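Here the structure comes first, spelled out in structure tokens, and everything after it is commentary.
The values are calculated or read from the model by the stated rules, or taken from the named source; none is laboratory data. Bear in mind that the values here come from a model prediction, so they are computed numbers and not experimental data. Every residue, glycine as well, gets a Cβ built from its backbone with ideal geometry; the counts of neighbours run over all protein chains shown. Side chains are part of the model used for accessible areas, which takes the heavy atoms of the whole protein and leaves out ligands, DNA and RNA. Shrake-Rupley method; radii C 1.70, N 1.55, O 1.52, S 1.80 Å.
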Amino acid sequence: MRADGLLAMLDRWGRYALPGTTLLFFVLLTLAPLRAPYLSGALPLLPALVVFQFSLATPERLPGPLLLVMGILLDLLLGGPGAPVGVSALGFVLIRAAVVNNRRYLVGVPFLFQWFGFCLLALGFVVLVWFFTAFWTWTAIDPLPALMQYAVVIVIYPLLAPLLARVRARDPLNVPDASRGTARPGETTS
Amino acid sequence: MAIRDDFEIVASQVRTAVQRFALGLLVIAAFGAMLVGKADTILVEHARVVALDLASPVLEAIARPVAAANRIIADLKEFASLREDNARLREENVRLLAWQTAARRLENENERMRGLANFREGPEASFITARIVGDSVSAYVRGALLNVGRKAGVASGQAVVTGEGLAGRIAEVGENSARVLFVTDVNSRLPVLIERTRERAILAGDNSPQLRLSLLQSVAGVQRGDRIVTSGHGGSFPVGIPVGEVVDTGEGSSVRVRPFADFSRLEFVRVVDYGVSGLVGGNSATTPSAPPAGVRIR
């Protein structure tokens, strides 16, 4: 064992735990009593942003079962009586799957493309949650607040995404799968 | 070389197959969770309570600095309008002093009348003061999390009030946490009285900042500016907590009510322990049960 064995191990564990911990933090932050107008309304969508952002580079560190647990936790913490528990989990899993299957359009491309991708997926997420909540409680829920949330989180994305990207930028494993053979000029392969 | 390529192709196919299968399983699991939540609401309520109890210490740690920051911002805002506020308050003070005199006189009179009529008062309410440690405000829910729970005597269905008026009712209780459902939530239905006419009605939330007054016997009697107070029907709420005032009588049947409580600036609230919580419907001749040990203020 090398002299820096312990540090290297901690480093590796830290790297592996980082996406999950960040996601957990944002799930808890959803409930924080921030009284900033608009911003506090958009907090429930930030976990979806984290899922999207980390799925771009290191989806293997946000495994599906973890997303399931986090989504259910979010629903339990946030949900009112009668709201479906697990709809966020479904949304997270689908976001991850969509990102992983469309890596060629989302990884190593200009930021605007990523933003556009996030706009599409977040819209899908909002519509999914709205539909299931309305369907589950069988009430016509005004979609306007949900769309307002969506608009705010879209605006927040350029502020938050670089921060999260910086967290993983120094990651040596932040390279596309060699086996996929989809690396393009500008990307590095190991 | 060709063999290796073939192997890689097969391997990637297997991998994508596994991935696809995994996705299907995860989706099924998510649906399963939703179905279980629909079928077994008690289990879900229990899970919610456990999650709340686990999260509430973390939230409390987050809530304090956030509250401090909010307060600084509010202070700065108030600083700008200090002079006008002062003048307005002085004027209001004069007006309220006159009211106080009237109220004292009425209170005395009331007491004497009650003595004459041998009127038995309802159980006396006590208050549990709580800090709001979390907002559960989203596009679908209007509520908050409190840092008190069953240990402090909080029970499901109790009224939650602010200085201005009713905020909501307790929806879920954990050991050291509780969730408030605000009156503005779409699931909130509140039996109320119109103070001026003593007419009964139901006040319903619809997730918008204003409330909707429904099940009125006659809409015509409602005027703009009428105060809405709790009627105490259902038993767990004291009578006469102010809830809001009518701002729009509207055409047709929609009467809009603005709640007195300012939900954007809540920090501390009081849970009203009325001693008869849990009594919903049934006979109205209440025998005041022994109130649980709470932090008594009154």
Inter-probe distance in nm under a simple model that places probes 7 Å from Cα toward Cβ, at A:Leu112 and B:Glu175:
5.5
Hey, what's region A:9-169 come to in accessible area per residue, 1.4 Å probe, Å²?
43
With a 1.4 Å probe and ligands and nucleic acids left out, the total accessible area lost when B pairs with A, in Å² to the nearest 100, equals 3600
Starting from 0.36 nm per residue, how many nanometres of slack lie between B:Ala80 and B:Ala11 once their C-alpha separation is accounted for?
18.0 nm
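If the chain between B:Arg227 and B:Arg90 were fully stretched, how many nm would it gain, using 0.36 nm times the residue separation less the Cα-Cα distance?
Between B:Arg227 and B:Arg90, full extension yields an extra 46.9 nm.
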Keeping every protein chain present and rolling a 1.4 Å probe, give me the accessible area per residue for region B:49-137 in Å².
74
Per-residue HN-Hα couplings for region B:170-184, Karplus 6.51 cos²θ - 1.76 cosθ + 1.60 at θ = phi - 60°, whole Hz, x for Gly and Pro?
6, 9, 9, 10, x, 5, 10, 8, 8, 10, 9, 9, 5, 5, 7
Members of region A:121-160 that become less accessible by 50 Å² or more once partner protein chains are added (1.4 angstrom probe, chain alone as reference)
A:Trp136
So which residues of region B:8-31 lose at least 30 Å² of accessible area, probe 1.4 Å, when you go from the chain by itself to every protein chain present?
B:Arg15, B:Gln19, B:Leu23, B:Leu26, B:Val27, B:Ala30, B:Phe31
With the full set of protein chains in place, find how many percent of the accessible area of region B:126-273 is carbon and sulfur; take the probe as 1.4 Å.
49
Could you sort the residues of region B:139-158 by number and keep only those whose accessible area is reduced by 30 Å² or more in the all-protein-chain setting relative to the chain alone, 1.4 Å probe?
B:Ala139, B:Tyr140, B:Val141
